[in-house]
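Working notes, beginning with the structure itself.
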Amino acid sequence: MKRAKIAISLFMMIFSSISYAKKYAVLIGINTYPYLKDADLRAPENDVMSLETSLITEIGLLKKDIIILKSNQATALKIKSAIIDEHRDLRQEDLFIVYFSGHGTIYHGRSVASPEDYRQYILSYDAESNKPSTWIGFYDLANWLKRVPGEKLVILDACYAGGGKSYSMRQSGVKALFAMPEILQGNPLESAGDTIVYASSSQADEPEPAYELDKIDPPQSVFTHYFIQAIRQHKTGKLTITKATNYVIKQISDKQIPERQQTPRVYSPAGTLPLVLLDRDYGDVTLVLEHPIDRSVEVWLDNEKKGLLSLNDPLVINRLHISKHKLIILDPKK
């Protein structure tokens, strides 16, 4: 039991150095849309499962602090509840991640003067064709997030452009349902003070779809595939959300054919530094024995002997990076 206790203490010390007290996430991936013709996708459910793995193994979230909603679980009501009801008691020093992989759209109202014209939406599992009241508007999402304390990161692997103006004209592997008009009254998500990541550009003059990759198994969305790659390949120092997104942009530019380009974009609130997604350089960690023993023990980390540890003599491990480590405690007299 003493060995297990020491291992757990090391794990907690490493992660306690992160600037956020705790991290939580709601991951939404919708493959099937039963009320929308020809709208089914292949990648979103795989996206959320792959992202969950990286959040746990690379960024330090606990599995119990991640809510996953896939396809028929991801109704508008369940998404709202997962955001508000499950996270209304977070602390200001916590980080809350909301990730969505699925369809986005724009409502085309009849009157340009109408405040409901040109609003952006994400589409939940129970979204119905031509019924905006069944969609999740950016106004709704922004208001839900305002009821959750802490710093928020919203990642939208969806798009609001390209793929034709009707469901039947949608291109294969594209996450858009309507063409993109000019957005007249701004973006309510960006007025809420949270960091927002978009998988593709929503510029009115050159709208872009968000694509799925064709040649990987299981299928995955282009943005999410390279975003996870950016996290996994980061070995030292800080990885900001901007740096990770720039990596995605370069990979798409280098590896996607010109006809399937998309330009991810990060919105950060004015006057704030880019959100730090991952920091692998945390300085020193001190090991302390919590129960009396009658001798010193050897500490091995990642197959390298770090020294002896005793009740009255803590052991300092210098410049330990946040990642998985193999810790072994040995009794030198056995």
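Laid out as a table, the results:
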{"read-out": "Hz values of 3J(HN,Hα) by residue in the range 250-265 - Karplus curve (6.51, -1.76, 1.60), Gly and Pro given as x", "value": "5, 5, 5, 4, 7, 10, 8, 5, x, 6, 10, 7, 8, 10, x, 9"}
{"read-out": "Ordering of 21-34, 262-275 by packing [mean C-beta count within 10 Å, highest first]", "value": "21-34, 262-275"}
{"read-out": "ILE196, ILE67, ranked by accessible area, largest first (probe 1.4 Å)", "value": "ILE67, ILE196"}
{"read-out": "Spin-label model distance (nm) - THR134 vs LYS37, 7 Å beyond Cα toward Cβ", "value": "1.4 nm"}
{"read-out": "Distance violations [Cα-Cα > 28 Å] among LYS64/LYS255; LYS238/LYS326; LYS63/LYS250; LYS22/LYS255", "value": "LYS64/LYS255; LYS63/LYS250; LYS22/LYS255"}
{"read-out": "Extension gain (nm, one decimal) between GLN92 and THR53, 0.36 nm per residue minus Cα-Cα", "value": "11.5 nm"}
{"read-out": "Peptide ranges 233-241, 144-152, 305-313 listed from the most packed, as the mean C-beta count within 10 angstrom indicates", "value": "144-152, 233-241, 305-313"}
{"read-out": "Long-range HN-HN contacts of LEU239 with modeled amide H, under 5 Å", "value": "LEU277, LEU278, ASP279, ARG280"}
{"read-out": "Accessible surface ranking that places the most exposed of HIS87, HIS291 first, with a 1.4 angstrom probe", "value": "HIS291, HIS87"}
{"read-out": "Amide H partners (placed H, <5 Å) of LEU213, local residues excluded", "value": "GLN220, SER221, VAL222"}
{"read-out": "Ordering of 248-261, 43-56, 119-132 by packing [mean C-beta count within 10 Å, highest first]", "value": "43-56, 119-132, 248-261"}
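The values are calculated or read from the model by the stated rules, or taken from the named source; none is laboratory data. Bear in mind the structure is a predicted one, so any value in this text is a computation, not a measurement. Virtual Cβ from ideal backbone geometry, glycine too; neighbours counted across all protein chains shown. Calculation scope for accessible area: heavy atoms of the full protein, side chains included, ligands and nucleic acids excluded. Shrake-Rupley method; radii C 1.70, N 1.55, O 1.52, S 1.80 Å.
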